[in-house]
Every structure is written in structure tokens, then in C-alpha cells.
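Take a look at the structure below.
What follows is calculated from the coordinates using simple rules that are stated; it is not laboratory data. Owing to the predicted nature of the structure, the values given are computational and were not obtained by experimental measurement. Reconstructed Cβ throughout: ideal geometry from the backbone, glycine too, with neighbour counts over all protein chains shown.
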Amino acid sequence: PSFAANVVIDHYMGKTELAHSPKRVVVIGFGPLDALDNFGIDPVAVSNASHLPSYLSKYSKENYTSAGSLFEPDFEAIYMQKPDLILVGPRGSAKYEELSEIAPTVVFAAKEGEGYWEGTQAQWRNIGKIFNIEDKVEQKIETLDAQFKAIRDYNQTNNNDALTILSIGDNISAFGAKSRFGAIYNDFGFIETVKNIKTGTHGDVISYEFIREADPKNILVIDRNSLHA
């Protein structure tokens, strides 16, 4: 294609130039796969995982060529697919340089400091530019933005607080507005039941007594045990 037919995408790892509307797309990660599925774009290979969400189950390794795991791409299998684009999530981004040697590679991940919804919009707009579906993407963003606003306004107006908990085995940890689950407060507008919870990958380890004393209106639980059952 001529230079005029190319598009430059600004993403988490830098800038990538590629031809408009690539036909052979390899996807590594759930985030980019979810987005492509949402916009009706069919990849030629996807990363395999034992726990695909049910709505993405059609992308199992029985139906699609495996591109390796989320962390360890299968470079040979990807190369054999002759991709026009490799779309990789944050977990596989450490392999960006190697993947870029095979085909133009775009990292589907929020930039430092971006909130969940803000980062998601940026990634979707990149997909819109790449596949020439910008109007479709903007319609989707507009619809969801209105829903986010309605939920946020309701929670703020009603002083609706929440405690966010991650349960792993017998351990429970709390997460606040500056954590990886910060979207609950920053995008959905819940108020933190407990302020200044330690920020860390694994949250702040708490007890059931802590929950009782905090007395939240809402408890939002991410149950890792059932996710891996």
C-alpha cells in the first residue's frame, strides 16, 4: 500500500505505522480479543487460555490457531500466519520488540495515569482508526458513556459507598480508588467506604471484623476462587 493508505497508531509502547484495514490479525490477550469481537473483526490466531469468558468461548484453540499464552507468544506460529497486525494486551507487552519484528504490533493497554474508561476509549479509537470504523466506535462510546454517567450520578447523588474486596483462598484484601479496581470509584462513582486503603497489586489484607466495623452500604467481591473453578 502507498504511504497515504497507512495509519500511525499512538499506543502504550510508542507509535506503530501500518496499512489501513488489516485482514490478518493475531490477538494476544483478552482485552484486545473482547474489543475485536465487539466490533465484528475476526482474527486469524488468538492466545490460548484455559478460562475464556463464556461469551468468548468460540475463540477456543479447537476453532482458532493458537498464538501461544498471554505471557509467552508462540513466535513461530504467529509468523506462519503472515499477520498484517499483531494486537497484544498488557501481559504480553514485554514481547513487543520481538513481535514487532514479525508484523506491525500495537499494544492494547491504558497509558500511565489513564483511568479504566478513559483508557478503554483510547484503545477503541485506535481500533476505529486501524479498521476504518471510527463512526461505529464513537456510537458505542457515546452509548456507554451515557450509562457510566447515569450510574455515577446516581451513586454520587445518593452518597452510595462501597468496599471492594478480592477473595483468594482464605485471604481477603481491600482495594481503593487508586488501585487496579479504581474504576469502581472513579468511573462508576461509588464513594470509598474506607479512605486511604494501601495501594498495591494484592491490595490491603483485611479481616471480616474490619468489614463489620466499616459497615459499607455495598460490598463488591471479586472471587478468584470461582473464577478459576
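So which aspartates and glutamates pass the test for Lys23, namely a Cα distance under 12 Å, with those fewer than 8 places away in the same chain ruled out? Answer for Lys23, where 12 Å is the Cα cut-off: Asp42, Asp84, listed by chain and number. Karplus-based coupling profile of the stretch 131-137, in residue order and whole Hz: 9, 6, 10, 4, 5, 4, 5, with θ = phi - 60° in 6.51 cos²θ - 1.76 cosθ + 1.60 and x standing for Gly or Pro. Dividing the helix sum by the residues of the chain, where each DSSP H run of 4 or more adds -39500 (n - 2.57), gives a mean residue ellipticity at 222 nm of -9500 deg cm²/dmol.
Scanning residues 5 or more positions from Ile172 or on other chains, those with amide H under 5 Å from its amide H are Ile206, with H placed 1.01 Å from N in the peptide plane.
Check the straight Cα-Cα distances from Lys217 and name the lysines below 26 Å, setting aside those fewer than 8 residues away within the same chain. Output for Lys217: Lys149, Lys178, Lys195, Lys198. Residues in the stretch 89-98 carry Karplus couplings, in order, of x, x, 5, x, 5, 5, 9, 4, 4, 5 Hz; the curve used is 6.51 cos²θ - 1.76 cosθ + 1.60 with θ = phi - 60°, and Gly or Pro positions show x. Here the 3J(HN,Hα) profile of the stretch 123-128, calculated from phi with Karplus coefficients 6.51, -1.76 and 1.60 at θ = phi - 60°, is 5, 5, 5, 4, 4, x Hz, Gly and Pro shown as x.
Measure out, as a whole number of angstrom, how far apart the alpha-carbon centroids of the stretch 93-108 and the stretch 122-184 sit. One Cα centre to the other: 27 Å.
Loop-located GluC sites (Glu not before Pro) in the stretch 17-120 (DSSP state other than H, G, I, E, B) with a sparse environment of at most 15 neighbouring Cβ atoms within 10 Å: Glu62, Glu112, Glu114. Put simply, the amide H of Leu85, placed in the peptide plane, has neighbours under 5 Å in Arg24, Val26, leaving out anything fewer than 5 places away on its chain.
Here Lys15 is the anchor, and the aspartates and glutamates within straight C-alpha reach of less than 13 Å, apart from those fewer than 8 places off in the same chain, are Glu97.
Amide H contacts of Ala109: Tyr12, each under 5 Å away and 5 or more positions distant or on a separate chain (H built 1.01 Å from N in the peptide plane; Pro and chain starts excluded).
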